[in-house]
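Heads up: the structure comes next, in structure tokens.
The values are calculated or read from the model by the stated rules, or taken from the named source; none is laboratory data. This one's a predicted model, so the numbers in the text were calculated from it and none came from an experiment. Note that we place each Cβ from the backbone using ideal geometry, even for glycine, and neighbour counts take in every protein chain shown. Just the protein is used for accessible areas: all its heavy atoms, side chains included, with ligands, DNA and RNA removed. Shrake-Rupley method; radii C 1.70, N 1.55, O 1.52, S 1.80 Å.
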Amino acid sequence: GMGSESLIGYIFSLKALAYMEKEDFEKAGEQLKLASENFNAEKFDEAIGYYILILAYYLFCLNDYRNAMLLAGISKNIFSKYSFTPWHMLSGLFRNINIHVKSFSADEYSEELRKGLEMNVYRAVEIASQVLNSNNKI
């Protein structure tokens, strides 16, 4: 299940997604930063999986493909490793990410994707924070 901090992080992630639908990426970025502060790598749960998924989508929207592919790989890794079942309301998001991932040729960013797929999932939160805090394009 989700702890209360995780739940707060999850809610910020969903808010970020709502802002992305309105193409307000600045606000979306702020919500994702707030989300990241509520996740604790030691208390790993499915909320982190969704946060990483939404962050990957955000990075695709910003055309930061290198980081987007890394995060997409981590997200896939998390969902397969823990057999989390994607919520129906977010199934479109999973489809979207897969379309993005498949749109790159085999050699373009595939290294990033592979890195994400093979990464220790407990590093997901830390990697996500690094990406968010180094992202000056917002």
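As a ratio to 2.2 N^0.38 Å, the alpha-carbon radius of gyration for segment 18-138 is 0.97. Along the chain, the longest continuous region that contains none of the GluC sites (Glu not before Pro) in a DSSP loop with at most 16 other C-beta atoms within 10 Å is 43-107. Estimated from helices alone, the mean residue ellipticity of the chain at 222 nm is -22000 deg cm²/dmol (sum of -39500 (n - 2.57) over DSSP H runs with n ≥ 4, per residue). Computed about the Cα centre, the dipole magnitude for segment 1-73 is approximately 80 debye when only Lys and Arg (+1) and Asp and Glu (-1) carry charge, each at its Cβ. Inter-label distance, Arg123 to Phe104: 1.7 nm, where each label sits 7 Å from its Cα along the C-beta direction. Counting only Cβ charges, +1 for Lys and Arg and -1 for Asp and Glu, the dipole size of the chain around its Cα centre is about 220 debye. Note on the chain: GNM, Cα springs under 10 Å; of Leu17, Leu70, Leu90, the largest mean-square fluctuation is that of Leu90.
Extents of segment 72-138, taken as max minus min of Cα coordinates on every principal axis and listed largest first, are 33, 29, 26 Å. Summed over the residues of segment 1-117 and divided among them, the accessible surface reaches 51 Å² per residue at a probe radius of 1.4 Å. Using the charge dipole of the chain (Lys, Arg: +1 at Cβ; Asp, Glu: -1 at Cβ; taken about the Cα centre), state which of Asn98, Ala35, Gly73 has its Cα farthest towards the positive end. Value: Asn98. Only lysines eight or more places from Lys27 in sequence, or on another chain, were considered; those with a Cα closer than 20 Å are Lys15, Lys137.
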